[in-house]
1. Which order, highest average first, do 47-55, 30-38 follow once you tally other Cβ atoms within 10 Å for each residue and take the mean per peptide?
2. Between residue 49 and residue 25, 0.36 nm times their residue separation minus their Cα-Cα distance comes to what?
3. How much FRET efficiency would the formula 1/(1 + (r/R0)^6) give for residue 39 and residue 3, where r is the Cβ-Cβ distance and R0 is 41 Å, rounded to 0.05?
4. Evaluate the distance, in nm, between pseudo-label points positioned 7 Å from the Cα of residue 12 and of residue 65 along their respective Cα→Cβ axes.
5. How would you order 19-29, 56-66, 3-13 from highest to lowest mean count of nearby Cβ atoms within 10 Å?
6. What do you get for Rg/Rh of region 25-78 when both radii come from the Cα atoms and Rh is the Kirkwood radius?
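Each value in this text was obtained by applying a stated rule to the coordinates, not by laboratory testing. Fair warning: this is a prediction, and the values are worked out from it, not measured in the lab. All Cβ positions, even for glycine, are placed from backbone atoms using ideal geometry, and neighbour counts span all protein chains on display.
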């Protein structure tokens, strides 16, 4: 990639990372979820130093997950309002 293209990629990724951090900070989610999302963003930020194209793809996936309400589990095992192993159907422990 030419240097202008590389600089453009870095600029675009930096702007998207800044926007993503702001968005995560303002989400109305439990603190444990916010911490998990922040960790994911820090991993993407670190990856951007070595492989900006991969970091851009990872950031896009993470933001899609956030847009669609798919959040990482809190340390207590809660995800989307349910504990691990719960299916959401009353009295159901899983496949029969």
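1. Working: 47-55: 14.1, 30-38: 15.8.
Packing proxy ranking, top to bottom: 30-38, 47-55.
2. Details: separation 24, 0.36 × 24 = 8.64 nm, distance 2.25 nm.
Full extension of this stretch gives 6.4 nm more.
3. Numbers: r = 32 Å, r/R0 = 0.78.
That gives a FRET efficiency of 0.80.
4. Using points 7 Å along Cα→Cβ, the separation is 2.3 nm.
5. Working: 19-29: 13.2, 56-66: 15.4, 3-13: 11.6.
Ranked from most to least packed, the peptides come out as 56-66, 19-29, 3-13.
6. Values: Rg = 11.7 Å, Rh = 11.7 Å.
Rounded to two decimals, Rg/Rh equals 1.00.
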